[in-house]
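As structure tokens, the structure follows; a few thoughts come after it.
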Amino acid sequence: MRIVKYVFGLSVALMAMSTQSCTQARPENNNGHNLWLGDITAPVIATDTELLSEYDKELGDEGFRIKRNDKGVAVIYANTKAGIMYGTYHLKRLGECGKPNLDKEIVEVPAFKYRILNHWDNPNLTVERGYAGKSLWKWEELPGKIRPEYEEYARANASIGINGTVLNNVNADPCMLTREYLEKVKVLADIFRPYNLKVYLSLNFAAPKHLANLKTSDPLDKDVIKWWNDKVAEIYSIIPDFGGFLVKANSEGQSGPQDYGRTHADGANMIADAVKPYGGIVMWRAFVYAAESPDRAKQAVEEFKPLDGQFRDNVIIQIKNGPVDFQPREPFSPLFGQLENTNIMAEMQITQEYLGHSNHMVYLHPMWKECLDSDTYQKGEGSTVAAETLGKVHGNTATSAIAGVTNIGDDINWCGHQLAQANWYAFGRMAWNPDLSSEQIIDEWLKQTFTTNKKFVEPVAKMMLASREACVKYEMPMGLHHTFKGPDHYGPGPWDRSSRPDWEPAYYHKAAADGVGFDRTSKTGTDAVSQYHEPLKSLYDNVETCPENLILWFHHLPWDYKMKDGHTLWDELCYTYEEGIKEARGFIKTWESVERFVDQERYDQVHAKLIRQAKDAIWWRDATMLYFQQYSKMEIPSDCTPPQHTLDELRRFRLGISNYENPAIDRLPEYTLD
Ligand code: GCV
């Protein structure tokens with residue numbers, strides 16, 4: 001095994017190995033496999049470290065301190081090996097991002113205790129909503145064959161502070177709990193352990209029926225309880241530091257306690273009791289909704305609020321950032337502000353299910369931070385989603401956690417899009433420190449992944465920082481949501497039909513002759529606004545005060561409604577799409593302007609994808625506005641990019657791909673950029 005000794009001062013030299021300075025020739029081709037690490041095959045070991053003889057409470061089990069000793073040498077101090085490791089990566093990062101000031105002591109302690117990736121990987125190697133190839137876990141080869149990528153993956157996670165990984169899809173195959181698979185999981189757990197990365201599994205709630213032929217999987221049945229207790233004991237005998245379970249129950253066809261007339265609390269507590277003696281946790285998802293409900297956005301609160309206080313202390317309710325489903329912009333899920341005696345955590349989506357898969361460059365940290373910084377006002381001002389999930393609002397900090405649904409696959413560059421690696425990186429850094437700004441994180445990532453040259457970093461950072469808002473503009477302006485084509489969720493399909501009303505775009509956009517948007521107001525709508533505390537409830541409820549970037553999330557408005565800038569709603573929609581199109585086109589120019597700083601391989605890949613992104617932006621606008629035009633009977637303003645296809649052409653266009661693939665660029669509708 002190669003080891004890179006990390007001596008502060010050599011950092012710039014290390015950096016030069018992987019990147020380049022402006023005076024050098026264009027860098028050699030780089031397939032992106034090394035991520036932000038320079039050399040992902042080699043662990044980085046600091047030379048000056050000290051494990052503390054007395055437990056330093058401030059640092060806890062994962063924190064570290066870097067300070068100069070009496071000889072002036074910067075030393076990393078920690079209570080644990082994990083702390084030393086995190087300190088080493090921190091020092092490496094500081095060195096590679098510029099000259100750090102080590103005269104002042106540095107103390108770093110992770111904000112969230114559990115910082116967890118969720119893989120939606122299936123045993124057959126497909127990845128649900130994965131756009132970076134097949135699963136990284138080659139189950140058919142394990143436990144015999146070990147791929148180097150397993151350790152590289154652990155190293156990448158360690159470098160950004162991620163300390164847990166759920167290996168399999170929440171739509172869980174019961175086979176994952178068989179002895180055969182547990183032996184495979186053990187191999188991964190053993191590889192990950194030195195990197196402080198714990199393994200978790202998603203479970204199928206009906207496993208007792210599937211695997212042991214029990215007549216029921218009722219969580220109150222004594223045979224079922226015994227089966228889970230035995231299964232958990234077996235797991236811990238194989239993997240002593242197993243982290244616990246993630247559960248999707250009674251959601252989208254998954255089995256759950258409600259199949260037996262029991263509650264989510266009954267189900268979660270049965271599993272929680274089984275893992276409790278071993279220190280395990282249960283992350284129980286709040287992503288539940290029934291087709292019959294008039295408003296999917298309300299259902300998590302309706303389901304979980306009545307159960308507040310009934311969950312064991314090792315259960316954490318895992319809540320998606322928004323109340324519907326990972327749209328490019330959602331208000332925060334009101335459930336974050338509705339529970340008092342229940343542990344809660346946020347689930348962010350790193351994979352770009354609704355944000356252009358790995359064809360679009362969208363830097364997601366601003367979206368996640370928008371959620372974490374949102375104030376729920378549950379206990380007055382300052383009850384932000386971050387504070388709620390850190391356990392600071394109700395004093396339950398012991399189980400603070402955050403999860404990110406990964407964008408990782410077996411693609412050579414891990415994430416399918418070279419610039420999507422930034423989202424994996426950003427998730428880890430945010431989980432460690434939710435106060436870091438989007439600017440700081442992207443600056444760090446670019447410097448470590450490409451070059452420290454300002455002429456590259458500044459324009460590319462600016463482009464990436466603008467990308468999420470641009471995506472909102474060309475996919476879902478003004479809170480218009482879920483107009484996506486199903487089931488792949490790539491591209492527009494406002495006319496799409498499905499087997500369930502709440503899987504159809506019309507359920508959300510409600511476009512008709514009288515206007516567009518979902519009325520969630522208290523007087524005429526579904527009253528979803530009432531799930532928010534004041535002053536938010538009134539702010540969203542009143543069309544005059546509702547932020548315009550969410551106005552169609554909360555209101556159904558006539559096409560000629562006057563916006564604050566004087567445009568009609570129709571024109572405003574057209575112009576917002578137009579801005580998105582312009583910005584996406586601008587990204588191509590920005591990338592072209594930094595060509596000399598990037599190796600040909602990564603340059604070309606990103607360039608091709610940025611072109612596709614700009615074409616897709618026009619496709620989105622064409623499809624959505626031409627479809628809406630049938631109802632509005634209004635013209636697309638003449639100073640907007642003219643549509644390139646008719647509505648009929650676009651309606652006939654189908655990708656013909658499965659749920660799991662990233663659409664091949666050459667199979668998408670023909671568009672030209674002048
Ligand atoms: C794993 C959405 C996605 C599904 C996903 C589900 C979930 O509905 O489209 O692919 O299933 O969310 O988060 O459970």
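The values are calculated or read from the model by the stated rules, or taken from the named source; none is laboratory data. Keep in mind the model is a prediction, meaning the values are calculated, not measured. Glycine gets a Cβ as well: all are built from the backbone with ideal geometry, and neighbour counts include every protein chain shown.
Table for the structure above
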quantity	calculated
Any chance residue 112 is touching a residue at least 40 places away in the same chain (Cβ under 8 Å), more than 30 Å from residue 181 (Cα to Cα) and among the aromatic types (Phe, Trp, Tyr)	no
Residue list for the range 425-450, filter: part of a helix (DSSP H, G or I) and among the hydroxyl-bearing types (Ser, Thr, Tyr)	425, 438, 449
Qualifying residue in the range 46-64 (condition: modelled with pLDDT under 95, surrounded by 21 or more Cβ atoms within 10 Å (Cβ to Cβ) and not basic (Lys, Arg))	yes
Residues satisfying the stated conditions in the range 280-297, i.e. away from the ligand (no atom under 16 Å from the Cβ) and free of Cβ contacts under 8 Å to residues at least 24 places away in the same chain	292
Hey, residue 334 within 16 Å of the ligand (Cβ to nearest atom) and crowded, with 19+ Cβ neighbours inside 10 Å or not	no
Options 89, 114; residue that is within 18 Å of the chain's Cα centre (by Cα) and either away from the ligand (no atom under 16 Å from the Cβ) or not β-branched (Val, Ile, Thr) (or both)	114
Residue match in the range 117-128 (condition: within 20 Å of the chain's Cα centre (by Cα), within 16 Å of residue 196 (Cβ to Cβ) and modelled with pLDDT of 95 or more)	yes
So residue 543, is it at pLDDT 95 or above and more than 20 Å from residue 563 (Cα to Cα)	no
Unique residue being within 16 Å of the ligand (Cβ to nearest atom), at negative phi, modelled with pLDDT of 95 or more and crowded, with 17+ Cβ neighbours inside 10 Å when the list is 247, 275, 232	247
Residue list for the range 387-404, filter: outside any loop (DSSP other than H, G, I, E, B) and either surrounded by fewer than 24 Cβ atoms within 10 Å (Cβ to Cβ) or without any contact (Cβ under 8 Å) to a residue 24 or more places away in the chain (or both)	387, 397, 398, 399, 401
Qualifying positions in the range 60-78 - basic (Lys, Arg) and touching a residue at least 40 places away in the same chain (Cβ under 8 Å)	65
In the range 250-272, residue farthest from the ligand (Cβ to nearest atom) [restricted to those that are among the small types (Gly, Ala, Ser) and over 21 Å from residue 531 (Cβ atoms)]	261
Given (1) closer than 23 Å to residue 470 by Cα; (2) surrounded by fewer than 17 Cβ atoms within 10 Å (Cβ to Cβ), number of the condition residue 522 does not satisfy	(1)
Selection status of residue 301, within 14 Å of the ligand (Cβ to nearest atom) and within 30 Å of residue 530 (Cβ to Cβ)	no
Positions within the range 364-383 being part of a loop (DSSP other than H, G, I, E, B), in contact (Cβ under 8 Å) with a residue 24 or more places away in the chain and either surrounded by fewer than 24 Cβ atoms within 10 Å (Cβ to Cβ) or over 16 Å from the mean Cα position of the chain (by Cα) (or both), in sequence order	374, 376, 377, 383
Sole residue being of a type outside the set (Gly, Ala, Ser) and within 30 Å of residue 88 (Cα to Cα), chosen from 239, 235	239
Residue count for the range 240-259, restricted to those that are in contact with a Gly (Cβ under 9 Å, 6 or more places away or on another chain) and over 15 Å from residue 399 (Cα atoms)	9
Any chance residue 35 is modelled with pLDDT of 65 or more and hydrophobic (A, V, I, L, M, F, W, C)	yes
Pairs with Cβ under 6 Å, 6+ apart, first in the range 116-135 and among the aromatic types (Phe, Trp, Tyr), second more than 11 Å from the ligand (Cβ to nearest atom)	131/357; 131/358; 131/416; 131/662
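So that you can scan it fast, the table gives a plain yes or no per residue for (1) touching a Leu at 6+ places or on another chain (Cβ under 6 Å); (2) of a type in the set (S, T, N, Q); (3) not in a helix (DSSP H, G or I):
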| position | (1), (2), (3) |
| --- | --- |
| 616 | no, no, no |
| 621 | no, no, no |
| 628 | no, no, no |
| 631 | no, no, no |
| 637 | no, no, yes |
| 650 | no, no, no |
| 655 | no, no, yes |
| 663 | yes, no, yes |
| 670 | no, no, yes |
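Rundown of residues vs (1) farther than 18 Å from residue 553 by Cβ; (2) in contact with a Leu (Cβ under 6 Å, 6 or more places away or on another chain); (3) within 16 Å of the ligand (Cβ to nearest atom), yes/no style:
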{"site": "305", "(1), (2), (3)": "yes, no, no"}
{"site": "309", "(1), (2), (3)": "yes, no, no"}
{"site": "328", "(1), (2), (3)": "no, yes, yes"}
{"site": "341", "(1), (2), (3)": "yes, no, no"}
{"site": "345", "(1), (2), (3)": "yes, no, yes"}
{"site": "375", "(1), (2), (3)": "no, no, no"}
{"site": "400", "(1), (2), (3)": "yes, yes, no"}
